[in-house]
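Contents: one structure, followed by commentary.
The values are calculated or read from the model by the stated rules, or taken from the named source; none is laboratory data. Keep in mind the model is a prediction, meaning the values are calculated, not measured. Note that each Cβ is placed from the backbone with ideal geometry, even for glycine, and that neighbours are counted across all protein chains shown. Ligands, DNA and RNA are excluded from the accessible area calculation, which covers all protein heavy atoms including side chains. Shrake-Rupley method; radii C 1.70, N 1.55, O 1.52, S 1.80 Å.
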Amino acid sequence: MGKRRQVVVLSSSSGEDDGGGRRGPRARRPRTPASAPAPVQVQAQAAGASRKKPRRESSVGRGRRRASKLAPSDSLKDEFDMLSEDFSECFNDFSMPGFIRKTKELWVDKYTPHSLAELAVHKKKIEDVKKWLEEKLKAPKTTVGGWTLVLTGQTGVGKSATVKAIADDLGADLCEWTTPVPTLWAEHVHANSGLRYISKLEEFETFVEKIRKYSMLCPTNTKSQRKLIIILIDDIPVTSGSGSFARLGKCLTGLVRSTQVPTVISLTHYHKSENNDTAMWKSEDLESLLQDAGAHKIAFNPVTTNSIKKILVRICKEESCNASEELLHQMATSSGGDIRHAIMSLQYYCLDPRRHSSALATSSNRTGSKSHDSLVPGHESYGPSSALPSPCGRDETLSLFHALGKFLHNKRETNSDVGTDLDPFPLKENLRRNSLKMDVPEKILSQAHGKVRTVADFLYENVIDFIDSEAVDDAWAVVSYLSDADCLLTASPIASYNSENIAQLIAASVAARGVLFGNAHGTPSRWHTIRSPKLWQIEQSFRSNKDHILKERFDCSRTCGFSNYSDLVTEFRPFERWIGPRNDGHRSSCLPHGVGGSPMGVADGNNSEEDDMIEDC
Amino acid sequence: MLWVDKYRPKTLDKVTVHDQVAQNLRKLVSEQDCPHLLFYGPSGSGKKTLILALIKQMFGAGAEKVKLENKTWKIDTGTRTLEIELAMLSSAHHVEMNPSDAGFQDRYVVQEVIKEMAKNRPIDAKGKRAFKVLVLNEVDKLSREAQHSLRRTMEKYSSSCRLILCCNSSSKVTEAVRSRCLNVRVNAPSEDQIVQVLEFIGKKENLRLPAGFAARIAAQSNRNLRRAILFFETCKVQQYPFTSNQAAPPLDWEQYVSEIATDILTEQSPKRLFAVRQKFYELLVNCIPPESILKKLLAELLRKLDADLKHEICHWAAHYEHKMRLGSKAIFHLEAFVAKFMSIYKEFLVATFG
């Protein structure tokens, strides 16, 4: 009886299975393998098996199904079920190792400092920050203002790490803004997937708004266990344009003024040469803005080479990798005070030290040979400043002004007889130049990574000062090269603004080398001010004047319709002033216009470095 | 109203300076079909006057009722939509515009305007002259791309609109466009013709001209009729009755350029070059076209130059004028010319006077 019963159950269960199976595969197909085991489990339960691990259950189910295969109408469907099940099983097997394999932790995370002693930052700075935080955490909540600390410094000097370590030390909770995944504007436009576009700035504003409200509510906690909270703002949205910057500034100053929880804002100072980007140099503006609003500022210096080295040695010991003392030293120096970078490079190095040291050797060889067979006649010896290229250091960068100074000062070797006899193609006397006391100009340009147009404008503005007061020929040579460079720049398509464009590179090369070559009789070295190009100011006012004139042109000559723009400027306007104020006489006089002004040029804060003095070193 | 506008001949019959051209044009229009036209000639020679008179001849007084509109063109380029604002004068029969004002987006404007004109084609009751006239100024300033697109649209829509192009130098208009048009050269008027016009105006204004006065203005105007009339009016405003040796003051920018020329000739040094640069800036900021500056500067320099050097200096001026067109920062090239001149002139001085 029982046996027969079981058979009945089996058949009925297979019938049930049909019902489920009809839905099953169809529903399963689009699903991810993770959801696949669920129906399997249902089937297995129907077969009367107890709850077990899914994989085994599925094999049981399969076995059962093999048994019921005799039923002719079901066979195809069963086969399909089987296949899809196999597939999901395979998939699970396949993805299994991924879960099992232990990812090696990044050393930067592994060796994050947890105590104050582990920090590589200077003791005094830590003390300063700690003192400030302690003071604020103890202070009564009612005081208004002065709750904000601004930490500034280069990237990787341990600003956030210091705050975190101190918070741990004091037993305070650290609240951070978890940045949401940003929606890119381009995505929003093209994907039309119904994503709502929220700018980072808006998100940040709402966040700041929230913490301002939250800080009001905070003191309602029971007095006895007042939670210590520090807010860390590490991720300030990038702004472009003065409008959005003003918004950001307003939002932050509002925060600084009203917050009643110790708030730490960390601002990263970018390296001088990288701040060609307008979004970057605002950090200094922001800093002064915050300070005006009453924030306390502590500036972090780059981590010293010695402390970086100490950390590196400690990590080496713990990881038991044998990096040579010399290499560690090199890493420490080349990191430029960026400890995160130094640890990264150490880990990279330790991946395979053998291969790496050979790379070091070849790369230095290559650069050595390159200086010999470069296009430039004579030897372009590397200056003492450029160290041996390190395999894991940061690329050396130059500020734009440094590079310009190099070109303009045009330092050359004094001994002229080097290799002139050996040269198979002797140059004419007037074309010969002594070899340069600097890197290849192209290398300097690439290190300075400024826009080519900017470089050319700056060179044009300043080069005349550096030309000997008698040498008009030199002036001509220089200016004509710059004029060539301008033609090359214009010829390159407008659409590509990246400086990697070949025409742009050539133009930059022509400009820089032209300046170096043309200035044959260098002036004795002295102090010079690098002016920002007056041309920019001129172009700006030219455009506004032109717009003005174009708007006005219809009252000039009604009947003749459009007059040529050049006719208008060169003929109608000057005459009009003589013939009399027919309209209202408010037309500004033509010449001399107030172009003049200080020799310093633009003063509208567009370029904060216009006053940079270049020392003749 | 300026005399320039007041005494502008309104119809082809009244044109005095280029009467031959005007008569030919009238014959052309009377035969009902008008080809595309390209007027070229130096500035102040009467191109625009001829064009306006021609349009009036074609459409009658209706063409004189023009209105100014600042139209915004929305142009779909595929990836994004451009908005270009451009002023245009239009009547029921013609549209006049200056496409080169749109800068490097001029090619869109040219195509779009012509397409739109083709769309709303005017319907004449008599079934005649069912086309509009599009007057494009400063065609030589159009970019190469724009000229190419012009060429294509000219053919495609030739049934519905006629183009009248106007430019100073036909050499800057592509061959393809030139060959699709009837080219009309408008010469600069001779000094005698200018004198005649001035005397005509003097008679109308009831002025008494001393002997040789008109001739002097004509000589000063450099065969530019518009400039001559403007000079004439200036003299009238400044002093009337005219004295026998009265002369019109030179144009301020031209005077400024001649000051620059004097500067260059007195001292040749990088320092002076720098001073000259500031003066160039001043001219440029007042929107004086760099080409005009270079041309005037060359003329001023040549006046005071030894004959041996003239050829070389002209060569370099031409060289840098060409560069100026290729490049985008005119000041670079202007200064290069000045530097070159200084270099040559200094060498010459040293060779001559030791």
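Per-residue ellipticity at 222 nm from helix content only, as computed over chain B with -39500 (n - 2.57) for each DSSP H run of at least four residues, stands at -16500 deg cm²/dmol. State to the nearest 20 debye the size of the charge dipole of the range B:3-185 about its Cα centre, where the only charges are +1 on K and R beta carbons and -1 on D and E beta carbons. That gives a dipole near 420 debye. Rounded to the nearest 10 degrees, the angle from helix B:191-204 to the longest Cα principal axis of chain B is 70 degrees. Applying the Karplus relation 6.51 cos²θ - 1.76 cosθ + 1.60 with θ = phi - 60° to the range A:507-520 yields 3J(HN,Hα) values of 4, 4, 5, 4, 5, 5, 5, x, 5, 5, 6, x, 7, 6 Hz, where x marks Gly and Pro.
Compare B:232, A:207 by solvent-accessible area with a 1.4 Å probe and give them largest first, with all protein chains kept in place.
Output order, biggest surface exposure first: A:207, B:232.
Taking the chain by itself as reference, the range B:201-237 contains these residues with an accessible-area loss of 40 Å² or more in the full protein complex (1.4 Å probe, heavy atoms): B:226, B:230, B:234, B:237. The B and A chains share an interface that buries close to 6000 Å² of accessible area, total over both sides, probe 1.4 Å. Starting from a Cα-only point model with no solvent, please compute log10 I(q)/I(0) by Debye for the range B:252-353 at q = 0.09, 0.12, 0.15, 0.20 1/Å. Evaluating at q = 0.09, 0.12, 0.15, 0.20 Å⁻¹ gives log10 I(q)/I(0) of -0.19, -0.34, -0.55, -1.00.
Rounded to 0.05, the FRET efficiency of the residue A:325 and residue A:131 pair, given R0 = 35 Å and the Cβ-Cβ distance, is 0.45.
Taking only protein heavy atoms into account and a 1.4 Å probe, give the accessible area per residue of the range A:305-354 in Å². Mind showing how you got there, number by number?
Numbers: 2670 Å² over 50 residues.
Value returned for the range A:305-354: 53 Å² of accessible area per residue.
Spin-label model, residue A:173 to residue A:552: label points 7 Å out along the Cα-to-beta-carbon direction sit 6.6 nm apart. Of the residues making up the range B:242-286, those losing 50 Å² or more of accessible area when the isolated chain is joined by the remaining protein chains, with a 1.4 Å probe, are B:251, B:252, B:270, B:274, B:277, B:281, B:282, B:285, B:286.
Count Lys and Arg as plus one, Asp and Glu as minus one, and take only other residues whose Cβ is under 9 Å from that of residue A:176; the net charge is then -2. When the alpha-carbon atoms of the range A:305-354 are used, the pair Rg, Dmax equals 9.5, 26 angstrom. Treating each Cα of the range B:3-185 as an identical point scatterer and summing with the Debye formula, the log10 of I(q)/I(0) at q = 0.10, 0.19 Å⁻¹ comes to -0.38, -1.44. Expressed as a fraction of 2.2 N^0.38 Å, the value expected for a compact globular protein of N residues, the C-alpha radius of gyration of the range B:191-238 is 0.98.
The long axis of helix B:47-59 is offset from the longest Cα principal axis of chain B by roughly 10 degrees.
Each residue, residue A:333 and residue B:75, gets one label point 7 Å from its Cα in the Cβ direction; the gap between the two is 5.8 nm. Close amide H pairs (under 5 Å, H built 1.01 Å from N) link residue A:437 with A:411, A:412, A:413, residues at least 5 positions away or on another chain. When a 1.4 Å probe is rolled over the protein heavy atoms, the share of accessible surface on the range B:1-45 that falls to carbon and sulfur comes to 49 percent. Across the protein chains, with a 1.4 Å probe defining accessible surface, the residues A:292, A:486, A:169 rank A:292, A:169, A:486 from largest area downward. Close amide H partners of residue A:149, meaning residues 5 or more places away or on another chain with modelled amide H under 5 Å apart, are A:263, A:264, A:265, A:296. By a 1.4 Å probe calculation restricted to protein chains, residue B:324 has an accessible surface near 20 Å², given to the nearest 10.
For A:460, B:345, what's the largest-to-smallest order of accessible area, 1.4 Å probe?
The residues order as B:345, A:460, largest area first.
Answer rounded, prolate or oblate for chain B, using the Cα gyration tensor with square roots of eigenvalues a ≥ b ≥ c: rounded when a/c is under 1.5, else prolate when a/b is larger than b/c, else oblate. It comes out oblate by the Cα gyration axes. Relative to the dominant Cα principal axis of chain B, helix B:144-156 is inclined by about 20°. For residue B:253, the shell of other residues with beta-carbons less than 14 Å away shows a net charge of -3, using +1 for Lys and Arg and -1 for Asp and Glu.
Got a sec to turn the phi values of the range B:61-68 into Karplus ³J(HN,Hα) couplings, 6.51 cos²θ - 1.76 cosθ + 1.60 with θ = phi - 60°, whole Hz, x for Gly and Pro? Values per residue, Gly and Pro as x: 5, x, 6, 7, 7, 9, 10, 9 Hz.
Note that the range B:131-178 shows a convex hull volume over its alpha carbon atoms of 58 Å³ per residue.
Whole-Hz Karplus values for the range A:431-441 come out as 9, 7, 10, 5, 6, 6, 9, 6, 5, 4, x Hz, taken residue by residue from phi with 6.51 cos²θ - 1.76 cosθ + 1.60 and θ = phi - 60°; glycine and proline positions read x.
Note on the range A:305-354: with neighbouring protein chains present and a 1.4 Å probe, carbon and sulfur make up 52 percent of its accessible heavy-atom surface.
Summarising the amide proton neighbourhood of residue B:222: residues at separation of 5 or more, or on other chains, whose placed amide H is nearer than 5 Å comprise an empty set. Each residue was assigned an accessible area with a 1.4 Å probe, and for residue B:319 the value is about 70 Å².
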